[in-house]
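The values are calculated or read from the model by the stated rules, or taken from the named source; none is laboratory data. All values derive from a computational prediction rather than experimental measurement. Ideal geometry is used to build each Cβ from the backbone, glycine not excepted, and the neighbour counts take in all protein chains shown.
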Amino acid sequence: MSFQTIIITGHLGRDPEMRYTPAGQAVTNFNLAANRQYTDSSGQVVKETTWFRVSAWGKTAENCNQYLHKGSLVLVEGRLVCDPETGGPRLYTRQDGSPASSFEVSASTVRFLSGREGESEPEPAGNGSAAPQHDAIPF
């Protein structure tokens with residue numbers, strides 16, 4: 001028996017989208033940006049963003065659709081879902097022609113870390129980097 005889990009903290013890149021399967025089960029998809037900032041050996045600050053496409057199911061999906069929005073800070077626990085064609089992340093080409101990849105996650109738990117609507121949001125975990133302002137969201 002084998003087991004894998006991934007835990008990600010990040011901000012939603014856009015509002016979540018919910019739909020129902022033919023069997024009537026709710027599924028909500030959202031994009032999550034996990035930011036990392038560090039200083040390299042030459043003293044330059046490097047900002048790095050990794051995008052994840054998250055799928056939440058059932059009651060978790062309904063709650064995500066109702067309470068989350070672009071910029072919300074969440075913690076997701078789940079499992080990586082490999083691209084059936086490559087066995088790894090989904091590969092695509094950005095609008096500018098550069099190669100990129102996305103990582104798919106099936107969520108088992110989604111914890112809302114932002115304050116309620118109208119309250120100020122807490123600082124993100126890590127180095128205090130804010131949600132990225134990228135136009136090249138792959139989804």
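For K59, the conditions (1) surrounded by 11 or more Cβ atoms within 10 Å (Cβ to Cβ); (2) at pLDDT 95 or above; (3) out of contact with any His (no Cβ under 8 Å at 6 or more places or on another chain) all hold with the exception of (1).
Given the criteria touching a residue at least 24 places away in the same chain (Cβ under 8 Å) and in a loop (DSSP other than H, G, I, E, B), does Q95 qualify? Give the derivation first.
Details: touching a residue at least 24 places away in the same chain (Cβ under 8 Å): yes; in a loop (DSSP other than H, G, I, E, B): yes.
Considered against the rule, which asks whether it is touching a residue at least 24 places away in the same chain (Cβ under 8 Å) and in a loop (DSSP other than H, G, I, E, B), Q95 comes out as yes.
When you look at S102, is it assigned to a strand (DSSP E or B), surrounded by 11 or more Cβ atoms within 10 Å (Cβ to Cβ) and in contact with a Lys or Arg (Cβ under 9 Å, 6 or more places away or on another chain), yes or no? Please lay out each step first, then the result.
Details: assigned to a strand (DSSP E or B): yes; surrounded by 11 or more Cβ atoms within 10 Å (Cβ to Cβ): yes; in contact with a Lys or Arg (Cβ under 9 Å, 6 or more places away or on another chain): yes.
For S102, the condition - assigned to a strand (DSSP E or B), surrounded by 11 or more Cβ atoms within 10 Å (Cβ to Cβ) and in contact with a Lys or Arg (Cβ under 9 Å, 6 or more places away or on another chain) - is met.
In contact with a helix residue (DSSP H, G or I) (Cβ under 8 Å, 6 or more places away or on another chain), touching a residue at least 40 places away in the same chain (Cβ under 8 Å) and of a type outside the set (V, I, T), is that true of A61? Considered against the rule, which asks whether it is in contact with a helix residue (DSSP H, G or I) (Cβ under 8 Å, 6 or more places away or on another chain), touching a residue at least 40 places away in the same chain (Cβ under 8 Å) and of a type outside the set (V, I, T), A61 comes out as no. K59 meets all of the listed conditions (1) in a helix (DSSP H, G or I); (2) over 17 Å from T21 (Cβ atoms); (3) of a type in the set (K, R) but one, namely (2). Tell me, yes or no, whether the range 5-22 has at least one residue that is in contact (Cβ under 8 Å) with a residue 60 or more places away in the chain, crowded, with 16+ Cβ neighbours inside 10 Å, touching a Gly at 6+ places or on another chain (Cβ under 7 Å) and among the small types (G, A, S). No, the conditions are met nowhere in the range 5-22.
To keep it simple, each residue is scored yes or no on (1) under 17 Å from the mean Cα position of the chain (by Cα); (2) closer than 20 Å to Q4 by Cα.
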{"residue": "R53", "(1), (2)": "yes, yes"}
{"residue": "A61", "(1), (2)": "yes, no"}
{"residue": "N65", "(1), (2)": "yes, no"}
{"residue": "L73", "(1), (2)": "yes, no"}
{"residue": "R79", "(1), (2)": "yes, yes"}
{"residue": "R90", "(1), (2)": "yes, yes"}
{"residue": "P99", "(1), (2)": "no, no"}
{"residue": "F103", "(1), (2)": "yes, yes"}
